[in-house]
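Below is one structure, written out as structure tokens, with a few remarks after it.
Please treat every number below as a calculation from the coordinates, not as lab data. None of the values given here were measured: they were computed from a predicted structure. So basically every Cβ, Gly included, is an ideal-geometry build from the backbone, and we count neighbours across all protein chains shown.
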2 protein chains.
Amino acid sequence: MATKSAAQRRAEAKIVYDAFMATCPTRQVMATVGDKWAGLLLNAMADGPRRHGQLRVTVAGISQKMLTQTLRTLERDGLVVRTVEASVPVTVTYGLTELGATLMPILRALKTWSESHIGEIMDARDSYDGAMATAS
Amino acid sequence: MATKSAAQRRAEAKIVYDAFMATCPTRQVMATVGDKWAGLLLNAMADGPRRHGQLRVTVAGISQKMLTQTLRTLERDGLVVRTVEASVPVTVTYGLTELGATLMPILRALKTWSESHIGEIMDARDSYDGAMATAS
DNA sequence: CAGGATCCCATTCGATACTG
DNA sequence: CAGTATCGAATGGGATCCTG
């Protein structure tokens, strides 16, 4: 019995957490929007639909895999639409949906906040790191 | 030479990405705020300072390690203050800084958006998943 | 009670190669 | 050009034990 309690504890904790996740809209959205690349991609599409290749260039550093994967997630959540034009070769564009567009003001607000407070954050980091070094 | 290009490519890509990260305030902030637990913790402290133990209970599912680790990150970024009261046993409280407080309206906006649009997202997911299943 | 240190598993992400 | 599949490295995060 004692040998099982560890695994069980873990399983139960996960259930509690999952239940919380399921009932917490904010965490759901954060999980998508706070993703490493999602924000960048949404921002890159803010001014209109973009093509796969364009996004790859615009969002410097993203791998092809993560580009596709992130776009799929955003599409699944209804924030982005994928449009296929039957040409040769086939052309695919990604753009914001109505829902995605309503999210942009918040992202922009976050961006604005970030730009106006990044200095304070950097200072805080420096003094924090400095205090650590001095504490010896 | 050819054998080195792979590693070099990677190194260069990372440099480009790091340079971008260093110059993109939004990503810096997102990296902190979009963290798995940071948002929950900030929210838990919104109504006033809380103690370590309290936070651990309030934010269901967080491990002791991640609690401490996340608090350290938030403290380093100057969003949270750690206050030690010299009592026996020692009492430690965490609260928002002025800077942290200015971020809350945005988090609240995100929370509000999430709560009012989570239904659409869920619907989008269902229809997306449904389309996948039907596509066979 | 607060939290540092360690071990270890699960997930993430990138590089590469291949299909339509 | 757009996208899929696979493998390996890196990271995140949890359980446990231990200290002030």
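So here's what we get for this one:
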item	result
Inter-copy label distances at A:THR68 (7 Å, Cα→Cβ; nm, one decimal)	4.2
Shortest-first distances to equivalent copies, position B:ASP129, nm, label 7 Å out along Cβ	4.3
Nearest-first distances (nm) between copies at A:PRO89, label 7 Å from Cα via Cβ	6.3
For residues of A:69-80, the mean tally of beta carbons on other chains within 10 Å	3
Angle between chain A longest axis and helix A:98-134 axis [Cα atoms, degrees, rounded to 10]	40
Peptide A:48-54, shielding by other chains (average Cβ, 10 Å cutoff)	0
Rotational relation A to B, axis-closest Cβ in chain A, residue and distance rounded to whole Å	A:GLY34, 1
Using distinct alpha-carbon pairs, which all enter the 1/r mean, Kirkwood radius of the protein assembly as shown in Å	21.1
Above-threshold pairs, the threshold being 24 Å between Cα atoms, out of A:LYS65/B:LYS65; A:LYS65/B:LYS111; B:LYS36/B:LYS111; B:LYS65/B:LYS111	A:LYS65/B:LYS65; A:LYS65/B:LYS111; B:LYS65/B:LYS111
Distant alpha-carbon pairs in chain B (separation over 22 angstrom), percent	57
Peptide B:111-122, shielding by other chains (average Cβ, 10 Å cutoff)	6
Relative contact order [Cα under 8 Å, 6+ residues apart], chain B, whole percent	19
Measure of compaction for region A:21-71 (Cα Rg per 2.2 N^0.38 Å)	1.25
Separation between Cα centres of region B:73-136 and region A:67-81, rounded to whole Å	21
